[in-house]
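Presented below is the structure to which this report refers.
All of the numbers you see were taken from the coordinates with simple rules; none came from a lab. Computed from a prediction, not measured in an experiment: that's the story for all the values here. All Cβ positions, even for glycine, are placed from backbone atoms using ideal geometry, and neighbour counts span all protein chains on display.
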Amino acid sequence: MKETIYSIPINESFEVIDGQCPLCRLHLKLIDDTLDYTLGAAMMEPDVRQRTNALGFCPGHLDALIKRQKRLPLALVLETHIQTLQKSDKHLFSENCYVCDRVGGFLRAYYTNILYLWRTEETFRKKWDAQPMICRPHTAALAAAAPKELSKKEAPVFTASLRQKASAYMQGLSESLAIFIRSFDHRFAGEDLGEHKQAVQVTAAFLSGPKSGA
């Protein structure tokens with residue numbers, strides 16, 4: 001497959017083996033880029049401003065925009081968004097988010113391309129097999145996309161690999177949580193927990209995936 005705007009970052013993310021979800025890396029990069037874009041180049045694009053005016057931002061992404069400390073661009077975007085809400089009950093009575101919408105579109109393209117690469121490129125499949133973990137939200141998203149992008153014969157094979165990867169990782173989480181919980185028993189006071197100190201945080205990252213803000 002000729003490398004594209006989607007396959008290049010996918011391959012780069014899957015080349016990293018650090019115990020974290022490669023799709024979370026892609027997801028967080030998309031959020032970060034979209035937040036920067038919203039307060040930068042998008043300001044001068046009428047079609048994008050129409051979308052930010054209509055959709056606005058969810059609480060998590062609005063907070064992330066505020067933290068970027070670009071008050072004038074954000075004020076301009078919010079001003080026209082408020083003006084749109086004043087004129088339209090359709091937009092006032094709906095809950096949407098421009099960042100979620102844009103990131104979601106890119107993520108769907110990533111899912112399609114990941115499945116294509118898995119189906120057609122042996123080198124990518126090796127990268128896939130080497131990854132110890134795909135977080136639960138991205139596991140669910142890939143499982144939902146598989147029947148649409150793969151053949152009836154291929155989809156169950158891919159889904160089985162997702163299940164196997166998740167099962168092995170969850171077994172490790174369960175054992176780590178048990179060690180962490182045991183440390184609160186006075187009989188094990190002073191026991192060196194090592195990496196198990198982060199058992200709750202690591203489990204939460206698997207269950208929830210990336211945070212909404214970046």
### Residues (hydrophobic (A, V, I, L, M, F, W, C) and closer than 17 Å to Cys135 by Cα) located in segment 178-214
Ala199, Val200, Val202, Ala204, Ala205, Phe206, Leu207
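Let's see how each residue does on (1) in contact with a Leu (Cβ under 8 Å, 6 or more places away or on another chain); (2) at positive phi; (3) not hydroxyl-bearing (Ser, Thr, Tyr):
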{"position": "Ala143", "(1), (2), (3)": "yes, no, yes"}
{"position": "Pro147", "(1), (2), (3)": "no, no, yes"}
{"position": "Lys152", "(1), (2), (3)": "no, no, yes"}
{"position": "Thr159", "(1), (2), (3)": "no, no, no"}
{"position": "Leu162", "(1), (2), (3)": "yes, no, yes"}
{"position": "Ala166", "(1), (2), (3)": "no, no, yes"}
{"position": "Gly172", "(1), (2), (3)": "no, no, yes"}
{"position": "Leu177", "(1), (2), (3)": "no, no, yes"}
{"position": "Arg187", "(1), (2), (3)": "no, no, yes"}
#### Entry: Neighbours by Cβ (under 8 Å, 6+ apart or cross-chain): first from segment 61-73, closer than 15 Å to Ala41 by Cα and free of Cβ contacts under 8 Å to residues at least 60 places away in the same chain; second of a type in the set (S, T, N, Q) and buried (at least 17 other Cβ atoms within 10 Å of the Cβ)
Leu65/Thr38
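In segment 89-121, how many are touching a residue at least 12 places away in the same chain (Cβ under 8 Å) and of a type in the set (Gly, Ala, Ser)? Let's see the steps before the verdict.
The first filter runs over segment 89-121 and keeps only residues touching a residue at least 12 places away in the same chain (Cβ under 8 Å), leaving 91, 95-103, 106-121.
Imposing the further condition that a residue be of a type in the set (Gly, Ala, Ser) reduces the set to 109.
Final tally of qualifying residues: 1.
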